[in-house]
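Have a look at the structure below before the remarks.
The values are calculated or read from the model by the stated rules, or taken from the named source; none is laboratory data. All values reported here derive from a predicted model rather than from experimental measurement. Ideal geometry is used to build each Cβ from the backbone, glycine not excepted, and the neighbour counts take in all protein chains shown. The area values use the complete protein model at the heavy-atom level, side chains included, leaving out ligands, DNA and RNA. Shrake-Rupley method; radii C 1.70, N 1.55, O 1.52, S 1.80 Å.
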Amino acid sequence: MAATYLPTLKQLQYLVALQDHGHFGRAADACFVTQSTLSAGLRELETLIGVTLVERTRRVVRFTPLGERIADKARRVLREADELGDMARAAGRPLSGEMRMSVIPTIAPFMLPRILPRLRRDYPDLKLFLREEPSGPACERLHNGRTDCVLLALPFACGEVTAEPLFDDRLFVAFPTDEDRSPPAAIPASAIDEARLLLLEDGHCLKDHALAACNRPELRAEATMLGTSLHTIVQMVDNGLGMTMLPEMALRAGILENTNITARPLDAENAMRKIALVWRRASPREKDFRLLAQVLGEAA
């Protein structure tokens, strides 16, 4: 019976890294090896399976159609291999070992400073690697196996995931104090001036949550979408350039400190977003994620 030679996990890791980075040098850096080591490993893989996976030129790295398919399959194999280790860790101490968590930008700066000290104190064996990115890329990384869980705001279509809601985060209308020194206790959606509304650009789910809560189609057409952060939008409002909507967690974190801005709750039927931790269904670390969600909810 002829011997069967299978690709090694290291070779598959090199292939996936090259697909991610599109450059041999950057892929080698990501794998913590030299470029020559990575290149040799990929040539061995091509020799092993008898096909060309990558077309090499001086300027570009181009995957063949079969190479793309094999790299996608390799990504799934690596994810399954990671989960073997996850199963072993799940049987040991809770919240230990490495965990990769993506956090959306409208949560990370306001929530992480409160929760990370408790995690370090109560679970010192947990090595939590954080990545800040919008909801869409975070969910894509989750399903590709490049992140283990995502801290985001619902509703958001993240695919086949398990979601553990943590708490509701109310939406507030923020505007220059000089515009109205006696504002009502809550601001009805009908009172928002669409020509002066400043929101985050497409890709940030907070914009969609705010627009959905207002239920005014003209806001989507007329509001100014800015490719920036909530902190920058607050500075623009403080300079009299418009008004915006902010989540309660940002207010509690002091985003309006040292500004001349007033914030009032949005008076609307669904004037909130739901903060949740999500992970891939049937993950062997589900108990860890549920415990993490409990800790996050309590610390927040």
Whichever lysines have a C-alpha closer than 18 Å to that of K10, once near sequence neighbours (fewer than 8 apart) are set aside: K73
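Net charge near E194: determine it from the other residues with C-beta under 13 Å of the C-beta of E194, scoring Lys and Arg +1 and Asp and Glu -1. Kindly include the intermediate steps, with their values, before the conclusion.
Working: positive: R196, R216, R220; negative: D193, E218, E222.
So the environment of E194 carries a net charge of 0.
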Values of log10 I(q)/I(0), in the order q = 0.10 Å⁻¹, for the chain under a Debye, Cα-only, solvent-free model: -0.69
Over the range 27-86, what is the mean sequence separation of C-alpha contacts under 8 Å (at least six apart), divided by residue count, expressed as relative contact order in percent? 16
Of all accessible surface on the range 14-67 at a 1.4 Å probe, what whole percent is carbon and sulfur? 52
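Can you classify the range 47-170 as rounded, prolate or oblate using the Cα gyration tensor, where a ≥ b ≥ c are the square roots of its eigenvalues, rounded means a/c under 1.5, and otherwise it's prolate if a/b beats b/c and oblate if not? Show your work: numbers first, answer last.
On the way: a/c = 2.39, a/b = 1.70, b/c = 1.41.
It comes out prolate by the Cα gyration axes.
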Tell me, for the chain, which Cys residues have no other cysteine's C-beta sitting closer than 4.7 Å. C31, C149, C205, C214
Could you work out the percent of alpha carbon pairs in the range 138-286 separated by over 26 Å, rounded to a whole number? 29
Of the residues E55, E140, E201, which exhibits the maximal mean-square fluctuation in a Gaussian network model of the chain defined by a 10 Å Cα contact cut-off? E55
The aspartates and glutamates whose Cα lies under 17 Å from the Cα of K274, excluding any fewer than 8 residues away in the same chain, are E164, D168, D169, D208, E248, E298
For helix 9-21, what angle does its Cα long axis make with the longest principal axis of the chain, in degrees from 0 to 90 and rounded to 10? 40
When you have a sec, figure out the Kirkwood radius of the range 210-300 from all distinct Cα pair distances and drop it here in Å to one decimal? 16.1
Comparing A163, A191, A271, which has the greatest mean-square fluctuation in the GNM of the chain with Cα pairs linked when under 10 Å apart? A191
Please determine, in degrees from 0 to 90 and to the nearest 10, the orientation of helix 35-49 with respect to the longest principal axis defined by the Cα atoms of the chain, where the helix direction is its Cα long axis. 60
Quick one: grab the alpha carbon gyration tensor of the range 19-77, order the square roots of its eigenvalues as a ≥ b ≥ c, and give me rounded if a/c is under 1.5, else prolate or oblate depending on whether a/b is larger than b/c. rounded
Please state the relative contact order of the chain as a whole percent: Cα pairs under 8 Å, 6+ residues apart? 21
Accessible surface, per residue, of the range 197-298 when the full set of protein chains is kept, probe 1.4 Å, Å²: 45
Choose one answer from R280, R264, R93: the residue with the largest mean-square fluctuation in a GNM of the chain with alpha-carbon springs under 10 Å. R93
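Based on a Kirkwood Rh over C-alpha pairs, give the Stokes-Einstein translational diffusion coefficient of the range 160-215 at 25 °C and viscosity 0.890 mPa s in µm²/s.
So the translational diffusion coefficient is about 178 µm²/s.
Return the calculated 222 nm mean residue ellipticity for the chain, to the nearest 500 deg cm²/dmol, obtained by summing -39500 (n - 2.57) across DSSP H runs with n ≥ 4 and dividing by the residue count.
Numbers: 11 runs with 130 residues, N = 300.
Helices in the chain give a 222 nm mean residue ellipticity of -13500 deg cm²/dmol.
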Can you give me the accessible area per residue for the range 72-174, using a 1.4 Å probe, in Å²? 48
Between the modelled labels at R264 and T34 (7 Å from Cα along Cα→Cβ) the distance in nm is 6.8
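With a ≥ b ≥ c taken as the square roots of the eigenvalues of the C-alpha gyration tensor of the range 95-153, please select rounded if a/c is under 1.5 and otherwise prolate if a/b is larger than b/c or oblate if it is not?
Because a/c hits 1.5 or more and a/b fails to exceed b/c, the range 95-153 counts as oblate.
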